[in-house]
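The structure appears right after this line, and notes come after that.
The values are calculated or read from the model by the stated rules, or taken from the named source; none is laboratory data. Because the structure is predicted, anything quoted here is derived from the model rather than measured. For neighbour counting, all protein chains shown are included, and Cβ atoms are generated from backbone atoms with ideal geometry for every residue, glycine included. Keep in mind that these areas ignore ligands, DNA and RNA; they rest on the heavy atoms of the full protein, side chains included. Shrake-Rupley method; radii C 1.70, N 1.55, O 1.52, S 1.80 Å.
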Protein chains: 2
Amino acid sequence: MSERISSVETIDVRFPTSRHRDGSDAMNPFPDYSAAYVILRTSAGAEGHGLVFTVGRGTDIQVAAVQALAPMVIGQSVDDLVADPAALARRLVGDSQIRWLGPEKGVVHMAAGGLVNAVWDLAARRAGKPLWKLLADLTPEQVVAQVDFRYLRDALTEDEALALLRAAEGGRAERERQLRAEGYPAYTTTPGWLGYDDEKLARLCREAVEAGYELIKLKVGGNLADDVRRLGIARQAVGPDIRLAVDANQIWGVPEAISWMRELAAFDPYWIEEPTSPDDVLGHAAVRKALAPVKVATGEHVHNAVMFKQLLQADAVDVVQIDACRVAGVNENLAILLLAAKFGVPVCPHAGGVGLCELVQHLAMFDFVALSGSIEDRAIEYVDHLHEHFTDPVRISGGRYLAPTAAGMSAEIRSASLTEYRYPDGPAWSDGPVMAGSSTA
Amino acid sequence: MSERISSVETIDVRFPTSRHRDGSDAMNPFPDYSAAYVILRTSAGAEGHGLVFTVGRGTDIQVAAVQALAPMVIGQSVDDLVADPAALARRLVGDSQIRWLGPEKGVVHMAAGGLVNAVWDLAARRAGKPLWKLLADLTPEQVVAQVDFRYLRDALTEDEALALLRAAEGGRAERERQLRAEGYPAYTTTPGWLGYDDEKLARLCREAVEAGYELIKLKVGGNLADDVRRLGIARQAVGPDIRLAVDANQIWGVPEAISWMRELAAFDPYWIEEPTSPDDVLGHAAVRKALAPVKVATGEHVHNAVMFKQLLQADAVDVVQIDACRVAGVNENLAILLLAAKFGVPVCPHAGGVGLCELVQHLAMFDFVALSGSIEDRAIEYVDHLHEHFTDPVRISGGRYLAPTAAGMSAEIRSASLTEYRYPDGPAWSDGPVMAGSSTA
C-alpha cells in the first residue's frame with residue numbers, strides 16, 4: 001500500500017511575549033506570539049510541519065479551522081500531494097461550504113495555508129532539500145503549474161509568468177552560489193517596538209548598525225510627539241546613511257496618514273508601512289502619491305493574491321511584504337512573487353513573530369535565485385525572538401540571512417517547546433493568561 | 001443590581017437544503033443553509049437573538065469565533081450596551097489579539113456581527129419597536145455616533161453623513177406611512193437556481209411574475225450553452241418588461257466575465273452580480289466599464305465598509321448589496337448605507353439563506369424612511385426558504401416585503417427548529433451529513 005497521510009495534529013502553542021512588550025506596536029500593544037501548529041504524519045512515519053502565526057487570543061479559532069480542513073488531507077497519497085501541492089491548495093480553498101466563511105481570507109484561508117505549507121515541508125524533506133532549493137530547481141513550467149491564475153489573468157497570464165521565469169534561468173547557478181556564500185539581506189525591527197524606552201531604542205539602533213544592518217524599522221502611530229522624539233533619537237544613533245523605515249500598523253485613516261507622516265519627513269523615513277487599513281488599495285495609492293519619495297509598504301495583512309494584484313495595478317505600493325502564513329501557503333506566495341516581478345516591485349518579506357522568519361526566508365531566496373534575480377532594495381525582516389524553539393532556526397550573520405541547508409521549510413518547533421508552551425495546559429501557562437484583555441478601540 | 005448580560009449561547013444549526021439543491025449556484029453546488037446562532041440572555045430574563053449565516057461545513061469554526069468573543073459581552077450592563085452598541089462593536093472588532101485573524105474580515109468579523117446584531121435585537125425588543133423603526137427614530141447625530149469613521153473619512157466625513165441624514169428628515173413621517181401601507185419592493189431568486197430543470201425554471205418564472213415581482217434573478221456561470229438556453233427560457237416566460245438579473249457567484253476572472261456576459265447580452269440582463277472575486281475592486285470597475293449598460297452588483301461577500309468605500313470610489317458598482325451577517329453588524333451596515341447614499345448608488349440587499357431576509361429588511365426600511373428616502377431601483381432579495389423556522393418570519397405580498405411590526409430584528413428561530421436541526425446531534429442529522437464533500441476546484 002502506498003504512503004498516505006495518516007494524521008493531522010494541530011496544537012495551540014502560545015509564548016507569553018506580552019510580559020516584556022516585545023512586539024508592541026500601535027495596534028498590537030500586548031501580543032502573545034502564538035501559532036496554530038500543524039503536524040502531518042504519514043503511514044511511513046514521515047512528517048511535514050506548518051504553522052499559522054497568531055498573537056494570542058483566538059488561536060483556538062485558528063486551530064478549529066485547521067481541524068475543519070484536515071479531513072481533506074487525511075488519507076491522501078503522499079506521492080500525489082508532494083507532486084502537486086496546487087491540487088490540494090485548490091481543494092482546500094475551493095471547498096464549496098467552508099469557502100463561504102472567507103472566501104480566500106481570514107481564518108479559513110490561513111488554515112489552508114498552514115496545511116499547504118506543511119505539505120511543502122514534507123515535500124522538501126522527502127527531496128532532501130531546503131524548500132528554497134526545491135523551488136529553485138523546478139522548471140518554469142512546474143512553477144507556473146503551482147499557481148491558480150483564475151482571478152489574476154487581467155494582470156498576469158500563464159505565458160507572462162513563464163516568460164519571467166525563463167528570463168531568470170540564465171544566472172540561476174551563479175546566484176545560488178552567491179546566496180550560499182553571502183546570504184540574503186536582512187533588516188531589523190528589534191530596536192523599534194513602541195514599548196521600549198528611549199535609552200533602549202538608541203542602544204539597540206547602534207547595535208543594529210554595528211551588526212551590519214542597513215535598514216532599521218521603528219513602530220510609529222501611538223503619539224506624534226513621541227514619534228518625532230523617537231525618530232530623532234534613532235536618526236542620530238544611526239547617522240544619515242542607514243535607512244530608517246517606519247510602521248504604523250494600520251492605525252490611521254488616509255488623511256491622517258498623510259498629515260502625520262509629513263511631520264516625520266524631516267527624519268528621511270525610507271518607507272511607511274501599513275499606513276491604513278490593509279484592505280484599502282485606493283487609500284494606499286493616495287498615501288503613496290501624497291508622500292513620495294517616501295515609499296509605501298504593505299502586505300503582512302494583505303489577505304490574498306487578488307489584493308496584491310490590485311495594489312500593484314493601482315501603483316499603491318513600492319514594497320511588497322509577503323507573509324508566509326497570511327495567504328494559502330507557498331502556492332499563493334508564488335503567485336504574489338510572480339505579480340511583483342511582473343510589475344517590477346521589490347519584495348521585502350514580513351517576518352518576526354514566531355516562525356515567520358524561518359518560513360519566509362525560503363520564498364525570498366527562491367525569488368532571488370529563480371525569479372526576480374535581484375537582491376537590490378530587498379531585505380527580509382528580522383526580529384531576534386523565539387528562534388531557539390525551532391529545530392532549524394534562521395542563521396543571521398553580518399545583517400544577512402544565511403541560506404538554510406537542512407531539508408524542509410524550517411517550520412519544525414522543538415517538541416520540548418511544544419510541551420512547555422501548549423495552551424492552556426503547558427507549564428508556561430500555569431499562572432493563567434498574561435493580560436485579561438486589551439483593545440485598540 | 002443593574003441588568004447584565006448573564007450568558008451567550010451559540011448553537012450550530014444546519015438545514016439539509018442540499019438534498020433538493022435549493023440554493024445551488026456556480027460556486028455553491030450543494031449548500032446546507034446553516035447558522036452560528038447566538039442568544040444573549042440577561043439577568044432580568046430578557047433575550048437578544050442574532051446569527052451568522054453559513055452554508056454547512058465550517059459552522060463549527062464560526063461558533064468557536066463567537067464563543068471567543070463572548071467574554072467581551074458577558075457581564076456587560078444592558079443599559080450601556082443598548083444605549084451605544086457602537087462601543088461594543090469597536091471592542092469586538094478592535095481586540096488587539098483576535099484582530100490579527102482578520103482584521104475586519106472573515107470568521108472573526110462575522111462573529112462580531114452576530115453579537116452586535118443580537119444586541120440591536122435586544123435593544124429593539126426593550127424599546128418595543130421593530131429594529132427598522134428604532135433606527136428610523138434615531139436623530140442624525142445618534143446615527144452618526146453609531147458609525148466608525150476611522151478608515152472612511154477620505155470618502156465620507158461625519159459632517160457629510162450628518163448632512164445626508166438631516167436632508168432626509170423632512171419626509172420621514174410620510175415615508176413611514178407609505179412603508180407601513182405598501183411595504184418595500186422585493187425581487188426573487190427562487191426560479192433561478194442552477195440545479196433546477198428547464199420546466200421548473202419556466203414555471204417558477206411565470207409564477208413570480210404573477211406574484212407581482214418585477215425583478216427576477218438567475219444563476220449563471222456553470223456552462224455557457226446552458227446559460228444561453230436558460231436565459232432564453234426565462235426571457236420568454238417573463239416577457240420584455242420584467243427585469244432579469246444574473247448572478248455568477250464569483251466564478252469568473254475579469255476577462256472571462258466580460259466575454260461570457262457579452263454572450264448573454266441579447267437577453268437584456270439587468271445586472272451581473274458577483275462577476276469575479278468580491279475582493280477585486282478594480283476588476284469590478286473594468287467589468288462595469290466593458291459591459292455598460294448592464295449594471296454590476298456585488299456585496300454579499302464584500303467583507304467590510306472599507307471595501308464598499310473603494311467599490312464606490314472606483315465607480316465599480318451600480319448596485320450595493322449589503323448583507324446583514326457578513327460585516328460587523330448593524331453598525332457597519334449603517335456605514336455602508338451612508339456611503340451608498342453619499343455616492344448616490346442604490347442598495348439592493350442580499351438575502352435568502354436562512355434568516356438573511358428577516359434581518360436585512362430592517363436595514364433597507366431604515367434606509368428608505370431616514371436616509372436615501374427612495375425605493376426607486378431598489379429591492380430586497382427574496383427566496384422562499386426556511387422562513388417557517390422563525391418566530392417573526394418575513395411577510396411578502398404582491399412582490400413586496402411588508403414592514404415588520406413585532407419588536408426586535410426578527411432574528412429569533414423557533415426553539416423546536418433549533419432542537420430539530422442542531423448539528424450534529426439534532427434528529428434532522430441522525431443519518432449523518434448529506435454530502436461527503438464537494439469542491440469548486
Checklist entry - Hey, what number do you get for chain B at 222 nm if only DSSP H runs of n ≥ 4 count, each worth -39500 (n - 2.57), divided across all residues, to the nearest 500? => result -12000 deg cm²/dmol
Item to check | For the stretch B:5-130: relative contact order, % (alpha-carbon pairs under 8 angstrom, 6 or more apart) | outcome: 27 percent
Item to check | Karplus-derived 3J(HN,Hα), 6.51/-1.76/1.60, for each residue of the stretch A:49-64, Hz, glycine and proline x | outcome: 10, x, 7, 10, 6, 9, 10, x, 3, x, 4, 5, 5, 5, 4, 4
Checklist outcome for this item: Here the percent of antiparallel bridges among DSSP beta bridges lying wholly in the protein assembly as shown, to the nearest 5, is 55 percent
Next on the checklist: At 10 °C and a viscosity of 1.306 mPa s, what translational diffusion coefficient does Stokes-Einstein give for the stretch B:36-84, taking Rh as the Kirkwood radius over Cα pairs? Give it in µm²/s as a whole number.
Outcome noted: 131 µm²/s
Item to check | Cross-link pairs B:289/B:342; B:217/B:289; A:295/B:309 - those with Cα-Cα distance over 27 Å | outcome: none
Checklist entry - Quick one: Debye curve from the C-alpha atoms of the protein assembly as shown, no solvent, what's log10 I(q)/I(0) at q = 0.05, 0.07, 0.08, 0.10 Å⁻¹? => result -0.26, -0.52, -0.69, -1.11
Checklist entry - So for chain A, what percent of the C-alpha to C-alpha distances run longer than 42 Å? => result 9 percent
Checklist entry - Using every alpha carbon pair in the stretch A:166-417, what percent of pairs falls into each 5 Å bin from 0 up to the bin containing the largest distance? => result 1, 6, 14, 17, 19, 18, 13, 8, 3, 1, 0
Item to check | Relative contact order, percent, chain B [alpha-carbon distance under 8 Å, six or more residues apart] | outcome: 20 percent
Next on the checklist: What does the copy distance list look like for residue A:210, label position 7 Å along Cα→Cβ, in nm and ordered from shortest?
Outcome noted: 8.8
Item to check | Probe 1.4 Å, all protein chains present, accessible-area order of A:207, B:104, largest first | outcome: A:207, B:104
Item to check | Cα-based convex hull volume of the stretch B:5-130 per residue, rounded to whole Å³ | outcome: 115 Å³
Checklist outcome for this item: With all protein chains in place and a 1.4 Å probe, residue B:400 shows an accessible area in Å² (nearest 10) of 60 Å²
Next on the checklist: Can you divide the C-alpha Rg of the stretch A:285-342 by 2.2 N^0.38 Å and report the result to two decimal places?
Outcome noted: 1.10
Next on the checklist: Using only the alpha-carbon atoms, what does the stretch A:171-309 span along each of its principal axes? Please give whole angstrom values in decreasing order.
Outcome noted: 47, 43, 25
Checklist entry - For residue B:408, which sequence-distant residues (separation of 5 or more, or a different chain) have an amide H within less than 5 Å of its own amide H, given hydrogens modelled in the peptide plane? => result B:125, B:129, B:131
Item to check | Contact order normalised by residue count of the stretch A:121-244, Cα under 8 Å, 6+ apart, percent | outcome: 18 percent
Item to check | Computed accessible area, residue B:315, all protein chains, 1.4 angstrom probe, square angstrom | outcome: 100 Å²
Checklist entry - If one takes the longest principal axis of the Cα atoms in chain A, at what angle in degrees, from 0 to 90 and to the nearest 10, does the Cα axis of helix A:224-238 lie? => result 80 degrees
Checklist entry - Between rounded, prolate and oblate, where does the stretch A:60-157 land on the alpha carbon gyration tensor, with a ≥ b ≥ c its root eigenvalues, rounded for a/c under 1.5, else prolate if a/b exceeds b/c? => result oblate
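Could you compute how much accessible area chains A and B hide from each other, both sides summed, with a 1.4 Å probe? Nearest 100 Å² is fine.
Protein heavy atoms only, the A-B interface buries about 5700 Å².
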Item to check | Compactness index (Cα Rg / 2.2 N^0.38 Å), the stretch B:155-229 | outcome: 1.75
Next on the checklist: Output the 0 to 90 degree angle, nearest 10, between the alpha-carbon long axis of helix A:356-370 and the longest principal axis computed from the alpha carbons of chain A.
Outcome noted: 80 degrees
Checklist entry - When all protein chains stay in place, what accessible area (Å², nearest 10, 1.4 Å probe) is found for residue B:295? => result 60 Å²
Next on the checklist: If DNA, RNA and ligands are ignored and the probe is 1.4 Å, what is the ranking of B:401, B:423 by accessible area, most exposed first?
Outcome noted: B:423, B:401
Item to check | Average beta carbon contacts from partner chains per residue of B:51-60, 10 Å cutoff | outcome: 5
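What's the average, rounded to a whole number, of partner chain beta-carbon atoms within 10 Å of each residue's beta-carbon in A:61-69?
Taking all residues of A:61-69 together, the mean is 6.
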Item to check | Measure of compaction for the stretch B:331-441 (Cα Rg per 2.2 N^0.38 Å) | outcome: 1.30
Checklist entry - Considering every residue in B:290-298, what mean count of other chain Cβ atoms within 10 Å of its Cβ is obtained? => result 0
Checklist entry - Of all the accessible heavy-atom surface of chain B, with the other protein chains kept in place and a 1.4 Å probe, what percent is carbon and sulfur? => result 49 percent
